[in-house]
Amino acid sequence: MAKTKKTFILDIETDKLYSILKPFVKENYRVSQIIQWIYVKKILDFKLFSNISKDIRGNLESSFILRSFTDVIKEESILDGTIKYTFKTYDNKYIYAVCLNTEGKKTVCISTQVGCPISCKFCLSGKAKFMRNLSRGEILEEILYIENDIKERVCGVLFMGMGEPMLNYKNLTSVIKTLISKNEMNIGKRHITVSSMGIIPQIKNLANEMYGVRFALSLHATDDKQRKKIISNNFDTKITDLLNTCRYYLKKTKSRVTIEYILLKDFNDTSSDAHRLARLMKASNIVNPNVQVNLIPYNETNSFDYKSPLQVSILNFKKILKLNGITVNIREPKGLDIGAACGQLGQK
Ligand code: SF4
């Protein structure tokens, strides 16, 4: 992070804090206490770190900042209580996060980049010009800000907001380490889902590094040409290779995989598409209870020509997958009235 002489403390991995703070914090247990104030108690002011000496607090205050966003706009859905946060970054960019309320439990959907280089044709985040990766601290700040705002811990984290998480891999995995650490944010790894349009080497790295988080593949099509039409920068990745990578992820992590499939009227919502998807999944040997297809009926915006699928097509698609033994779920849109639903982030 630039534009301030002080260092954004959330950008520093906690194991590195021990050496960085050494000049004015001699004992390691004191650093552990500081980490607790930051990530467990989520306190926003160094002055309130009450078991830390005044001198150390003074040093912390003159060297570091605890938060970086310069402004926040909060919008709450009257339909379902979903909250959308628009954060203004230190360099005057806007990013988005959403707090979803599912049976009283809070899950946050967060951004990993400013804009998105993948440019999916149905997604407002992809319309926003890609500018930069978010830092480790900025990604964590989205979650910490929301927890402070709603005054409760979040139970789950979805890396499904603005940006392609796998293109910001180093910061993504640094954040995951803090999320799952018992001494830091202590969120169950099974409650963390990383989505990707399909950067195969990084998906494999995520599997190999054994964080045990869930993975969601944004598939959205059943043949390569069709997929290229809606995901322009898809690195020419083949659907078969993507589904085989899902099998690799499952085998390595014993975690769950979701196939995300946005239904666009008369484009990819036909019976033939459903049958083809079932065939592809069978061929890649990923029809099993640990793999679920999430059908996402497209949310229309004024920015694109695609239309929402008819209810009859949605149900028909689901029925065909089910008859083929595939676990399938229709994702209810959340926060439609505030532009917080899937593909709407970026709408201002
Ligand atoms: S759907 Fe995801 S990958 Fe595609 S443009 Fe939107 S944020 Fe980027």
Any residue at all in the stretch 133-155 that is assigned to a strand (DSSP E or B) and more than 14 Å from the ligand (Cβ to nearest atom)? no
Within the stretch 302-339, the count of residues that are part of a loop (DSSP other than H, G, I, E, B) and closer than 16 Å to Arg276 by Cα comes to 3
Counting only residues in the stretch 37-76 that are within 24 Å of the chain's Cα centre (by Cα) and assigned to a helix (DSSP H, G or I), the one farthest from Ile180 (Cα to Cα) is identified as Ile38
Taking the stretch 222-248 and the residues there that are among the hydroxyl-bearing types (Ser, Thr, Tyr) and more than 13 Å from the ligand (Cβ to nearest atom), the one that is farthest from His275 (Cα to Cα) would be Tyr248
Of the residues in the stretch 116-131, those that are touching a helix residue (DSSP H, G or I) at 6+ places or on another chain (Cβ under 8 Å), near the ligand (Cβ under 6 Å from one of its atoms) and in contact (Cβ under 8 Å) with a residue 60 or more places away in the chain come to Ile118, Ser119, Cys120
Filtering the stretch 95-125 down to residues that are among the aromatic types (Phe, Trp, Tyr) and either surrounded by fewer than 20 Cβ atoms within 10 Å (Cβ to Cβ) or at pLDDT 95 or above (or both) yields Tyr96
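Does Ser272 count as modelled with pLDDT of 95 or more, within 21 Å of Thr327 (Cα to Cα), among the small types (Gly, Ala, Ser) and away from the ligand (no atom under 16 Å from the Cβ)? Spell out the reasoning first.
On the way: modelled with pLDDT of 95 or more: yes; within 21 Å of Thr327 (Cα to Cα): yes; among the small types (Gly, Ala, Ser): yes; away from the ligand (no atom under 16 Å from the Cβ): yes.
Yes; evaluated as a whole, the condition is true for this residue.
Is it true that Ile78 is in contact with a Ser or Thr (Cβ under 6 Å, 6 or more places away or on another chain) and within 30 Å of Leu336 (Cα to Cα)?
No.
The values are calculated or read from the model by the stated rules, or taken from the named source; none is laboratory data. Source: prediction; values computed, not measured. Counting neighbours? That spans all protein chains shown, and the Cβs are built from the backbone with ideal geometry, glycine included.
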